[in-house]
Each structure stands twice: as C-alpha cells, then as structure tokens.
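A.B. asks: The structure under discussion is supplied below as structure tokens; questions concerning it will follow.
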Amino acid sequence: MERILIGNLSDHIGQTVTIRGWVSVRRDQGKMIFFDFLDMTGTVQGVILPKNLMIERARNVSRESAVSVTGSINKRPEKNVQANKQNGDIELLIETLDVEGPAETLPFELGEDTREIGEETRLRYRYLDLRSDRMQKNIRMRSEFIRLCREYLFREHFTEIETPLLTESTPEGSRDFVIPSRLHPGKFYALPQSPQQYKQLLMVGGFERYFQIARAIRDEDLRADRGFEHSQIDIEMSFVQQEDVMTAVEAMMTAVVEKMGFTVKEKPFPRFTYAEAVAKFGADKFDLRSEEEKKQNVLAYAWVYKFPFFEKTEAGDWTFTHNPFSMPVSEHVEALLEGKRIPDILTTQYDLVCNGFEVGGGSIRAHKPEILRAVYKTMGYDETRIETSIGHMLEAFKYGAPPHGGIALGIERNLMNLTGETYLREVQAFPMTRGGQTAVMKAPQQLTKEQLDELHLEIKQEKKKKHE
Ligand code: ASP
C-alpha cells in the first residue's frame, strides 16, 4: 500500500492507510496498547484493540523501532480530542503493525532535549541523538537558512561555484590541516581555511558575483563556538565598494531571517567603527538586545568597520588583524605604500555582529598588485617570500583585475543565534567532541605501516612526559 505521510493524515479520515516511521511512545494498558508514531512530518496516535490478534506481538514492539503500520484513520470522540496537538483530533486504529527495523534498548532517552546527556555518549550515538525533537528542529532550520540564502543569491544573479579542498595554505590566522602528497614525497596540501584566494581569482575570471556554501577547516583550539570545521556562505562581488557589499548582505540577511519568522531589532543595521564599539561595549562583538528582546529571540544585527589593518605579534612584527588581502581605506593607501603610520592604517574590513556573536566578516580587496605587495612588505616578507606565498595573486592581478570585495557568513554562528543554542555542536549534524574526536567514527586514527610508507612518512616517537 502506498505510504501516507503522518502530516497528511487528516486528509484521509475514514480511509485505510499505511504509515511508516518510528515508535516514539508505547503505552501498554493491558487490554489496549497506544502508540505514538513519528515520521519526518509529525506524529499521530495509534491504538490496537483487544480483539486484534496482533496485540500480543505488538506488546513487544520496542520504542524507536522503525515500523510500517496499516489501519483506518478515525475521528476521536470529542472528549479525547487534544486541541493543541498535531493530529490531536484523529487516531489510527491499527490493523497490522510490521517491524521493519527493531530497536534494542537505547543507550539514552530520546526526550525532547538531549543536552543533559554526556557529550561522548551523545556523539557516539549521534544518529539517535539526531532523532530527538530539538536536533531535528535545529538541523532542519539550518537547511532552511541555507536554502533561503541560496535562493536569494540566485535571484540576485550570483553563480554558485565550488573551489578545491586540496590546496595551498591561505592565511586566515589559524593553523592549517595538512594532507601529505603520495606523488610528491615530502610535500603537503593544505585544507582551505577559507576559499579566499580562489574567490578572488573567480573575480579575475569574470564571474562578478560568486557564492559558495563553503567548508572552512582550521586547526584551532576547540571552544563552545568553534570547531575544526565550519561552513560559511562565502560571497564575492566585482565592481563594488564597501557600501555595496554591506547593503547587499544586509538585504539578504533581513529577507532570509524575516522569512523564517524572526524579528530584526533595527533596520538598517546600526554601524559602529571599531573605535566606537570598543569605547562603547569594550569589544568588537556585543549584544544590543534588551532583556525583553532576549526572551523573544529578537535578532540585533550591527556592522563594525574601520578596523586597524595591522597589529603586533608577540615577536614584535606587524601582522594583519583580519585579512591580508584587504584594501586599506582609501585615505590610508598612500601611507601603506610608503610604509608609514602603520598602526594608524585602517582596513576596509566589515564585521557583521548579531546578539553578541560575530556572524560574518569581509572586506574590499587590494586588487592592485602594488597594494597587496605593500601589505606583505609591512608584515616583514622579503621579495622571495612574497613571491612564494602570493606570487600567483600578484600575477593574476596584472590582467584586468576588477575592484572586488566580499564576505563570509558563518553558518553555525548564525544558526546558534536563530536556535538560541550556545554550543556549535547543536547546529552541526556530526560535530567533534571537545577533544577533537569525530562523532560516531573514530578519527583521528593511526595509519598502517604500508600507508605511511606510501606517503613517505615516519612517525616520531614522542618522549613520554615524566609525570605519565
Ligand atoms: N575569508 C574570510 C573568512 O573566511 C572572509 C572574507 O573576507 O570574505 O573569514
């Protein structure tokens, strides 16, 4: 029999139907057994009556088993109607119940909320955790957010383009994850910390409006709102100035979150220079909501811009604060080219802040080779080092590079705001543990001797620390 989705059952009152899904609740009342069945569209109550010969077998159907159930959809008597519940006015009078995938005793309860369960257990059985109400909502909301952004960008004539995962290191201020090359002994690829250079090269390549739902992979210290992997809505546009990118992104974010039913506190988004933000909030990310607005999960966006371009490293050298490929603000281009007043040079970087998080950041890029070269010179790179690290960009910019700029919006950080979650792992399907172990599977793993040989690698035996 054709499967009917639980969400559509109210169109089938009086008919015999087959549903497929999971047993989320079983209430054995002796003579009768009640079930709640669940599929991706919702839940419905089923009942098996004493005269049904299957009743004994049904008693052993465990919770979370995958089942196929056939029966008639009946209106419930007035006194049993649950007004506020989906399908609260109907029930499935079970004729047959087939177990398609039996479930053993679960390692933890799949209530509405699994947050209290130990992280190791939750992630080891992530597929079960994902069945819980909250995780279903979070992951579906993530999909919806991405879908709406994508649709918006397509309407605005952006082209979605994928860029390589096996690539050369792009500095984003983090450590790279590296991949040894079998074909080139002793050489390594880096996983992208962002598609920064490729998206700029796509602008030189004439696409003008690019976006990608990009993976960014950074070997950072793990924190509540940081993992090794995150995704970003990565955008780049040609023939634009700072104002154009900020306006375009603001329009997209507003359209998307309002379509999802959220309220934006202030439009257009208020803007603060970095200096103003630090003076006013003591930081470059801040929460503009009142207590009341926090309760209602209002979204308070703001832009922060005019950041210093450079800061000192611990060793006393200059390094970039955000992005070495940025253009300084126009009044400071000359100072950069002359290597003067370095601490005063401001960059065209703009960060999008929402409810206390930085949810995006981008800049107008230095599309003239001499400006990009000056950034690297300021950071103490000599000609040879400039050539090896960004020679390809300097070369590309010789051939009709359009002025361009873009942004990356962190998908997880945006979703944390939309869902009200405080941990990144609540909005990723398969996040890592705090110790950097993958969910369900057991990476990182050792390689076999054969694999190591093929990759021309040898593992150095770490000396045991004394206290071990
Ligand atoms: N590449 C930057 C990042 O990943 C974003 C950008 O400047 O477009 O944070």
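The values are calculated or read from the model by the stated rules, or taken from the named source; none is laboratory data. These numbers come from a predicted model, not from an experiment. Counting neighbours? That spans all protein chains shown, and the Cβs are built from the backbone with ideal geometry, glycine included.
A.B. asks: Mind checking which pairs have a first residue in the stretch 196-222 that is without any contact (Cβ under 8 Å) to a residue 60 or more places away in the chain and within 24 Å of Glu395 (Cβ to Cβ) and a second that is assigned to a loop (DSSP other than H, G, I, E, B) and within 10 Å of the ligand (Cβ to nearest atom), Cβ under 7 Å, 6 or more apart or different chains?
C.D. replies: Gln212/Pro195
A.B. asks: Let me ask you something else. Within the stretch 171-200, how many residues turn out to be at pLDDT 95 or above, closer than 19 Å to Gly361 by Cβ and among the charged types (D, E, K, R)?
C.D. replies: So the answer is 1.
Yes/no per residue for (1) assigned to a loop (DSSP other than H, G, I, E, B); (2) among the small types (Gly, Ala, Ser); (3) in contact with a helix residue (DSSP H, G or I) (Cβ under 8 Å, 6 or more places away or on another chain):
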position: Glu151; (1), (2), (3): no, no, no
position: Leu165; (1), (2), (3): yes, no, no
position: Ser169; (1), (2), (3): yes, yes, no
position: Gly173; (1), (2), (3): yes, yes, no
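A.B. asks: Do the conditions hold for Ile19, that is, is it β-branched (Val, Ile, Thr), surrounded by 13 or more Cβ atoms within 10 Å (Cβ to Cβ) and over 40 Å from the mean Cα position of the chain (by Cα)? Walk me through how you get there before you give the answer.
C.D. replies: Details: β-branched (Val, Ile, Thr): yes; surrounded by 13 or more Cβ atoms within 10 Å (Cβ to Cβ): yes; over 40 Å from the mean Cα position of the chain (by Cα): no.
So Ile19 fails the test.
A.B. asks: Right, here's the next one. Which numbered condition in (1) more than 30 Å from Glu112 (Cα to Cα); (2) of a type in the set (Lys, Arg); (3) in contact with a His (Cβ under 8 Å, 6 or more places away or on another chain) is the only one that Arg215 fails?
C.D. replies: Condition not satisfied by Arg215: (1).
A.B. asks: If you don't mind, another one. Any residue that is assigned to a loop (DSSP other than H, G, I, E, B), surrounded by fewer than 15 Cβ atoms within 10 Å (Cβ to Cβ) and at pLDDT below 95 - is there at least one of those in the stretch 70-79? Please lay out each step first, then the result.
C.D. replies: The first filter runs over the stretch 70-79 and keeps only residues assigned to a loop (DSSP other than H, G, I, E, B), leaving 76-77.
So of that shortlist, the ones also surrounded by fewer than 15 Cβ atoms within 10 Å (Cβ to Cβ) come out as 77.
Right, trim to at pLDDT below 95 and you get 77.
The answer is yes; a qualifying residue exists.
A.B. asks: Here's another thing I want to ask about it. Looking only at the stretch 22-44, count how many residues are within 36 Å of the chain's Cα centre (by Cα) and surrounded by 15 or more Cβ atoms within 10 Å (Cβ to Cβ). Outline the logic, then answer.
C.D. replies: Keep residues of the stretch 22-44 that are within 36 Å of the chain's Cα centre (by Cα), which gives 22-26, 35-44.
Those still in the list that are surrounded by 15 or more Cβ atoms within 10 Å (Cβ to Cβ) too: 22-24, 26, 35-39, 41-44.
Summing the residues that are within 36 Å of the chain's Cα centre (by Cα) and surrounded by 15 or more Cβ atoms within 10 Å (Cβ to Cβ) in the stretch 22-44 gives 13.
A.B. asks: So which residues in the stretch 237-284 are in contact with an Asp or Glu (Cβ under 7 Å, 6 or more places away or on another chain) and among the polar types (S, T, N, Q), if there are any at all?
C.D. replies: Ser238
A.B. asks: Among the helices (runs of 4 or more DSSP H) contained in the stretch 242-297, which hold 2 or more residues that are within 26 Å of Pro328 (Cα to Cα)? Quick ask: steps written out before the conclusion?
C.D. replies: Working: elements: 242-259, 274-281, 291-295.
Here the list reads 242-259, 274-281.
A.B. asks: Let me ask you something else. Please give the number of the condition Thr163 fails out of (1) surrounded by fewer than 17 Cβ atoms within 10 Å (Cβ to Cβ); (2) touching a residue at least 24 places away in the same chain (Cβ under 8 Å); (3) among the hydroxyl-bearing types (Ser, Thr, Tyr).
C.D. replies: Among (1) surrounded by fewer than 17 Cβ atoms within 10 Å (Cβ to Cβ); (2) touching a residue at least 24 places away in the same chain (Cβ under 8 Å); (3) among the hydroxyl-bearing types (Ser, Thr, Tyr), Thr163 violates only (1).
A.B. asks: Confirm whether Ala335 is of a type in the set (Gly, Ala, Ser) and more than 23 Å from Asp244 (Cβ to Cβ).
C.D. replies: Details: of a type in the set (Gly, Ala, Ser): yes; more than 23 Å from Asp244 (Cβ to Cβ): yes.
Against the criterion (of a type in the set (Gly, Ala, Ser) and more than 23 Å from Asp244 (Cβ to Cβ)), Ala335 qualifies.
A.B. asks: To continue, here is another question. When the stretch 90-114 is examined, which residues are found to be surrounded by 15 or more Cβ atoms within 10 Å (Cβ to Cβ) and either within 21 Å of the chain's Cα centre (by Cα) or more than 30 Å from Ser10 (Cβ to Cβ) (or both)?
C.D. replies: Phe108, Thr114 - these are the residues of the stretch 90-114 that are surrounded by 15 or more Cβ atoms within 10 Å (Cβ to Cβ) and either within 21 Å of the chain's Cα centre (by Cα) or more than 30 Å from Ser10 (Cβ to Cβ) (or both).
A.B. asks: Now, a different point. Which residues, taken from the stretch 85-116, are out of contact with any helix residue (DSSP H, G or I) (no Cβ under 7 Å at 6 or more places or on another chain) and closer than 13 Å to Val44 by Cα? Even if it seems obvious, please write down each step before you answer.
C.D. replies: Kept after step one, since they are out of contact with any helix residue (DSSP H, G or I) (no Cβ under 7 Å at 6 or more places or on another chain), are these residues of the stretch 85-116: 85-86, 88-89, 91-96, 98-105, 109, 111, 115-116.
Lys85, Gln86, Gly88, Asp89, Glu91, Leu92, Leu93, Ile94 - these are the residues of the stretch 85-116 that are out of contact with any helix residue (DSSP H, G or I) (no Cβ under 7 Å at 6 or more places or on another chain) and closer than 13 Å to Val44 by Cα.
A.B. asks: Now a separate question. Are any residues in the stretch 182-209 more than 13 Å from the ligand (Cβ to nearest atom) and farther than 12 Å from Glu168 by Cα, and if so, which ones?
C.D. replies: If the condition is that a residue be more than 13 Å from the ligand (Cβ to nearest atom) and farther than 12 Å from Glu168 by Cα, then Arg182, Leu183, His184, Pro185, Gly186, Leu201, Val204, Gly205, Gly206, Phe207, Glu208, Arg209 are the ones that fit.
A.B. asks: Would you please name the residue that is nearest to Thr247 (Cα to Cα), looking only at residues in the stretch 342-379 that are outside any strand (DSSP E or B) and either near the ligand (Cβ under 10 Å from one of its atoms) or among the acidic types (Asp, Glu) (or both)?
C.D. replies: Of all residues in the stretch 342-379, those outside any strand (DSSP E or B) come to 342-345, 355-356, 366-379.
Cutting the leftovers down to either near the ligand (Cβ under 10 Å from one of its atoms) or among the acidic types (Asp, Glu) (or both) gives us 344, 370.
Details: Asp344: 26, Glu370: 28 Å.
Out of the qualifying residues, it is Asp344.
A.B. asks: Continuing with the same structure: I'd like to check something: does the stretch 316-329 contain any residue that is away from the ligand (no atom under 16 Å from the Cβ) and aliphatic (A, V, I, L, M)?
C.D. replies: no
A.B. asks: Do you know which of the residues in the stretch 323-337 that are part of a helix (DSSP H, G or I) and either in contact with a strand residue (DSSP E or B) (Cβ under 6 Å, 6 or more places away or on another chain) or not polar (S, T, N, Q) (or both) is farthest from Leu372 (Cα to Cα)? Steps first, please.
C.D. replies: Filtering the stretch 323-337 for residues part of a helix (DSSP H, G or I) gives 330-337.
Narrowing further to those that are either in contact with a strand residue (DSSP E or B) (Cβ under 6 Å, 6 or more places away or on another chain) or not polar (S, T, N, Q) (or both): 331-337.
Numbers: Glu331: 16, His332: 13, Val333: 11, Glu334: 13, Ala335: 13, Leu336: 10, Leu337: 9 Å.
Step by step, filter the stretch 323-337, then rank; the result is Glu331.
A.B. asks: Given the structure, is Glu266 in contact with a Phe, Trp or Tyr (Cβ under 8 Å, 6 or more places away or on another chain), charged (D, E, K, R) and touching a residue at least 60 places away in the same chain (Cβ under 8 Å)?
C.D. replies: Numbers: in contact with a Phe, Trp or Tyr (Cβ under 8 Å, 6 or more places away or on another chain): yes; charged (D, E, K, R): yes; touching a residue at least 60 places away in the same chain (Cβ under 8 Å): no.
Taking the combined requirement at face value, the residue does not satisfy it.
A.B. asks: To continue, here is another question. Just need a number here: residues in the stretch 1-27 that are assigned to a strand (DSSP E or B) and either β-branched (Val, Ile, Thr) or in contact with a helix residue (DSSP H, G or I) (Cβ under 6 Å, 6 or more places away or on another chain) (or both).
C.D. replies: To start, the set of residues in the stretch 1-27 that are assigned to a strand (DSSP E or B) comprises 3, 16-27.
Now narrow it down to the ones that are either β-branched (Val, Ile, Thr) or in contact with a helix residue (DSSP H, G or I) (Cβ under 6 Å, 6 or more places away or on another chain) (or both): 16-19, 23, 25.
Of the residues in that region, 6 qualify.
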